[in-house]
1. By how many nm would the segment from TYR143 to GLU46 lengthen if fully extended, with 0.36 nm per residue of separation less the alpha-carbon distance?
2. Only residues of the range 83-113 count here: report those whose backbone N is under 16 Å from the spot 7 Å along Cα→Cβ of LEU134, or say none.
3. Size of the dipole of the range 9-133 about the Cα centre, Lys and Arg at +1 and Asp and Glu at -1 on the beta carbon, nothing else charged, in debye to 20?
4. So what is the calculated 222 nm ellipticity per residue for the chain, using -39500 (n - 2.57) for each DSSP H run with n of 4 or more, over all residues, to the nearest 500 deg cm²/dmol?
5. Report the trypsin sites (Lys or Arg not before Pro) located in the range 23-98 that are in a DSSP loop and have at most 16 other Cβ atoms inside 10 Å of their Cβ, or state none.
6. Under a plain spin-label model, where a point goes 7 Å from the Cα along Cα-to-Cβ, how far apart in nm are ARG114 and ALA95?
7. When all alpha-carbon pairs of the chain are counted, what percent fall beyond 28 Å?
Amino acid sequence: MSQNGTSEIMITTDRSRLDLDVIHGFLTTSYWAKGVPRATVARSIEHSLCFGAFEGGRQVGFARVISDHATFAYICDVFALESARGHGVGKSLMAAIMSHPELQGLRRWTLFTRDAQGLYRQFGFGAPANPERLMEVVNRDPYHA
């Protein structure tokens, strides 16, 4: 327990601790992965460096990093459950990600967010220096063929 009476947030990369029901349950209703199949979430976890946030032994947040562990990292699927918002979950996840030993010395980090710019700015993120260089292919409805 912290001094203010709330449980401490514990971050782990131990995949065996991750609760796929919690992760899929959140992501399937999120604005960025609405309707994502459970098998797709499981496969994404298998091929990423994942961070689970726990409060009182219960998973309350999650983030994934896709990286070559040498030059580049993409942060995605960052969330805190509604019941845990305001408890420092996002900040704890980002601190763990940015300090992870396998992610040091990278040349470039990226992420996309609709509404959490304030959180990510605390960790050095900002608008792309050269947005005209950024290109992408977007499937706007990948989970509804």
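Values in this text are rule-based calculations from the coordinates and carry no lab data. Note that the coordinates shown come from a computational prediction; the quantities given were computed from them, not determined experimentally. Using ideal geometry, Cβ is built from the backbone for each residue, glycine included, and neighbour counts are taken over all protein chains shown.
1. Stretched out fully, the TYR143 to GLU46 stretch lengthens by 33.0 nm.
2. 108-113
3. Details: 14 positive and 11 negative charges, 42 e Å.
In total the dipole reaches around 200 debye.
4. Mean residue ellipticity at 222 nm (helix-derived): -6000 deg cm²/dmol.
5. Sites meeting the loop and neighbour criteria: LYS34, ARG85.
6. So the two model labels end up 2.9 nm from each other.
7. Summing the P(r) tail past 28 Å for the chain gives 19 percent.
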